[in-house]
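J.: Below is a structure I'd like to ask you about.
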Amino acid sequence: MAGTANVIEVEELRRTYAGGFEAVSGISFTVARGELFALLGTNGAGKTSTVELLEGLAPPSGGRVRVLGHDPYTERGAVRPRTGVMLQEGGFPAELTVTETVRMWAGCTSGARPVAEALELVDLARRSQVRVKQLSGGEKRRLDLALALLARPEVLFLDEPTTGLDAEGRRETWELVRALRDGGTTVLLTTHYLEEAEALAERLAILHEGRIAASGRVDEVVAAQPSHLSFDLPDGYHLGDLPPLDRLGVTSHETAGRTVRLKTKKLQLAATELLLWARDSGVELRGLDVRSASLEEAFLKIAQDRRGPDAETEAVR
Amino acid sequence: MSTTLDAARSPVLEPARTPKTAADRMTALARAELTLLGRNKSTLFTVLLLPAMLTVSMYGTVNSVDLGKQGLNAGTVLLPGSLGFALLFALYSPLVGIYVVRREELVLKRLRTGELHDWEILAGAALPALLIAVAQSALLVVGCSAWLHVPLPRAWWLAVVGLLLGLAVTGALAAATAALTRTAEAAQIAVMPLMLVSTAGSGLIVPTDLLPDKVAMVCDLLPLTPVIQLIRSGWTGGAGAGDVLRELLVVVVWTLIAVLVVRGRFRWEPRR
């Protein structure tokens, strides 16, 4: 695999748990060197199950994983010194202080930064003598991040790095993650925060029930989603009175009472034609809502497929 | 924050990375475990004081048994017995707790994401308890020798081999017990079978030689019985090659069984 630009390669990856539950059902993606890739998904979508396979914590039930050209499970020695991992939940002895925790981890890590520098990096220097059990949730996340960054890893796995952080902590973590990417670190992060994926990721995959529901650059994923146009049908008019829907690029429509909801891949054309029709007919389109596709739409649509049609409006609100 | 972000931006490819060896990693882990042990007062009590206290409290019981027929005396019974208590209370019981609690805290899972190999995690976490058990054994030997006027061992190498095998089988059994135990609460119960059976049947208090033949045959197959017998032979010098070989075989088989259980059943994170 020498010379390949892909730092992470995943092919038809599967993970089945002892009880027979298949958490990951044949997913494939690649992450190039220096890229920031996000696995986005609702809780239970299979994000952590996937990342654990990339981290080499368990062997896949099927398919193939390569990190830096090696199997992270069977060739642990070749991969681990070059990767940093932040698990979804800490995993520190409660009675050690912050410094003692970092020192222990540094003793296990080739090329570790000095303890003080690692704590500076995540703004925990002031808390260095505090026992882990006394840290807030956000401070524990930052301690975890400090350990993941200890060896200046080439590849960084961040499993929900900002869950439990307040707005400022989240912003600071984003800044840090961007700085790491600028330094050439390849980052794979999981998140269920849409804005996090949008703010950080160059490419992403939306996981849903163990499969990749959509993937690519953020704009590509968005472009694959239809835009929406909705309005109240003027009194005395029927659907058939509108311009022919297929000419507006409408892929589907639904009505609820007088409200018409159109999905289209050609939003500008559809909106123009519709407004011209309204002007020529001399009617007002009440409740007009023209919305271009967004990552949120894409994400909600995927989440909605599982939770049923009512969930979308609830989630938007 | 800007200076710290500069540290984050520094290039990731460092040509001269000092690699950490298995010894480095286990030392770091052992140091952390030793710190944690120092902060756990109840475990500290069990580990440091209980073996000596139990040994002293058994003096009356041992003295009431007629040991002369077997060529034994209170010293040659209590001294090996005290090392058995050290193995159980300073090594076995605390180590099961350490493994189970670290698993519940997700520490084992976290450690597995790093450069440590699985066996290094188990060995590194066991290191402080192993060293304490060794130091304590030395103190108990000196203490018992002075208190009960035990002469110098006639075949000291048998005692050393016995103790080393005892450390190995007890450590392995602790990991195996942790493999079969889900929670810290359950661990307090899970250690009981081996502790009770060993105390009663492995010659810690009453040498198996004094038991009825059929009972003795079964007791000789327990994991700590050969350990105690080897240590006792160090002082009495009374061990034939056949006996020693059988004792070695029993300990090695128990160690292998424990290792197989660990390999097959040890879980690195709690069940959800």
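The values are calculated or read from the model by the stated rules, or taken from the named source; none is laboratory data. Quick caveat: nothing in here was measured; it's all calculated off a predicted structure. Heads up, the Cβs are rebuilt from the backbone with ideal geometry, glycines too, and the neighbour counts pull from every protein chain shown. Ligands, DNA and RNA are stripped out before the accessible areas are found, and what is left, the full protein with its side chains, is counted by its heavy atoms. Shrake-Rupley method; radii C 1.70, N 1.55, O 1.52, S 1.80 Å.
J.: Criterion first (touching a residue at least 40 places away in the same chain (Cβ under 8 Å) and on the phi < 0 side of the Ramachandran plot) does A:E75 satisfy it?
T.: no
J.: Here's something else I'd like to know. Quickly run through the stretch A:27-72 and pick out the residues that are surrounded by 16 or more Cβ atoms within 10 Å (Cβ to Cβ), in a loop (DSSP other than H, G, I, E, B) and free of Cβ contacts under 8 Å to residues at least 40 places away in the same chain.
T.: Across the stretch A:27-72, the qualifying residues are A:G56, A:L57, A:D71, A:P72.
J.: Right, next: For the stretch A:153-169, give me each residue that is open to solvent by 40 Å² or more (accessible area, probe 1.4 Å) and not polar (S, T, N, Q).
T.: Within the stretch A:153-169, A:G164, A:D166, A:A167, A:E168 meet the criteria.
J.: Right, A:L36: touching an Asp or Glu at 6+ places or on another chain (Cβ under 7 Å) and either of a type outside the set (K, R) or within 21 Å of A:F299 (Cβ to Cβ) (or both) or not?
T.: When the stated conditions are applied, A:L36 passes them.
J.: Right, here's the next one. Look at A:R178 and say whether it is within 12 Å of the chain's Cα centre (by Cα) and under 18 Å from A:A32 (Cβ atoms).
T.: Against the criterion (within 12 Å of the chain's Cα centre (by Cα) and under 18 Å from A:A32 (Cβ atoms)), A:R178 does not qualify.
J.: Hey, can you tell me all the residues within the stretch B:27-45 that are within 9 Å of chain A (Cβ to nearest Cβ) and in a helix (DSSP H, G or I)?
T.: B:T27, B:A28, B:L29, B:R31, B:A32, B:E33, B:T35, B:L36, listed by residue number.
J.: Considering only residues that are out of contact with any Ser or Thr (no Cβ under 6 Å at 6 or more places or on another chain) and open to solvent by less than 60 Å² (accessible area, probe 1.4 Å), which ones fall in the stretch B:239-251?
T.: Correct list: B:G240, B:G242, B:V244, B:E247, B:L248, B:V250, B:V251.
J.: Another question, if that's okay. Which condition number in (1) at the interface with chain B (Cβ under 7 Å from one of its Cβ atoms); (2) in a helix (DSSP H, G or I) is the one that A:G77 fails?
T.: The number of the failed condition is (1).
J.: Considering B:E105, B:E120, which residue is at pLDDT 95 or above and either on the phi < 0 side of the Ramachandran plot or surrounded by 19 or more Cβ atoms within 10 Å (Cβ to Cβ) (or both)?
T.: B:E120 is the lone residue from the list that is at pLDDT 95 or above and either on the phi < 0 side of the Ramachandran plot or surrounded by 19 or more Cβ atoms within 10 Å (Cβ to Cβ) (or both).
J.: Hand me the list of helices (runs of 4 or more DSSP H) wholly inside the stretch B:47-154 holding 1 or more residues that are under 22 Å from the mean Cα position of the chain (by Cα) and more than 24 Å from B:A172 (Cα to Cα).
T.: B:50-57, B:74-85, B:118-148
J.: Of the residues A:A118, A:A125, which single one is crowded, with 24+ Cβ neighbours inside 10 Å, farther than 20 Å from B:I121 by Cα and among the small types (G, A, S)?
T.: Result of the check over A:A118, A:A125: A:A118.
J.: Still on this structure: Starting from residues that are facing chain B (nearest Cβ under 9 Å) and not in a helix (DSSP H, G or I), keep the ones in the stretch A:103-115 and report whichever is most open to solvent (accessible area, probe 1.4 Å).
T.: Going through the qualifying residues, I end up with A:A112.
J.: Out of all the residues in the stretch A:148-181, which are closer than 26 Å to A:H70 by Cβ, outside any loop (DSSP other than H, G, I, E, B) and out of contact with any Gly (no Cβ under 8 Å at 6 or more places or on another chain)?
T.: Matches in the stretch A:148-181: A:L158, A:D159, A:V177, A:L180.
J.: Determine if the stretch A:204-217 includes at least one residue that is assigned to a loop (DSSP other than H, G, I, E, B) and open to solvent by less than 10 Å² (accessible area, probe 1.4 Å).
T.: So far as the stretch A:204-217 goes, yes, one or more of its residues are assigned to a loop (DSSP other than H, G, I, E, B) and open to solvent by less than 10 Å² (accessible area, probe 1.4 Å).
J.: Hey, another quick one. Test A:L149 against the criterion of being open to solvent by less than 10 Å² (accessible area, probe 1.4 Å), free of Cβ contacts under 8 Å to residues at least 60 places away in the same chain and on the phi < 0 side of the Ramachandran plot, and give yes or no.
T.: Spelling it out, it is not the case that A:L149 is open to solvent by less than 10 Å² (accessible area, probe 1.4 Å), free of Cβ contacts under 8 Å to residues at least 60 places away in the same chain and on the phi < 0 side of the Ramachandran plot.
J.: Let me ask something else. Among A:E100, A:E139, which is within 11 Å of chain B (Cβ to nearest Cβ), surrounded by 18 or more Cβ atoms within 10 Å (Cβ to Cβ) and part of a helix (DSSP H, G or I)?
T.: So the residue among A:E100, A:E139 that is within 11 Å of chain B (Cβ to nearest Cβ), surrounded by 18 or more Cβ atoms within 10 Å (Cβ to Cβ) and part of a helix (DSSP H, G or I) is A:E100.
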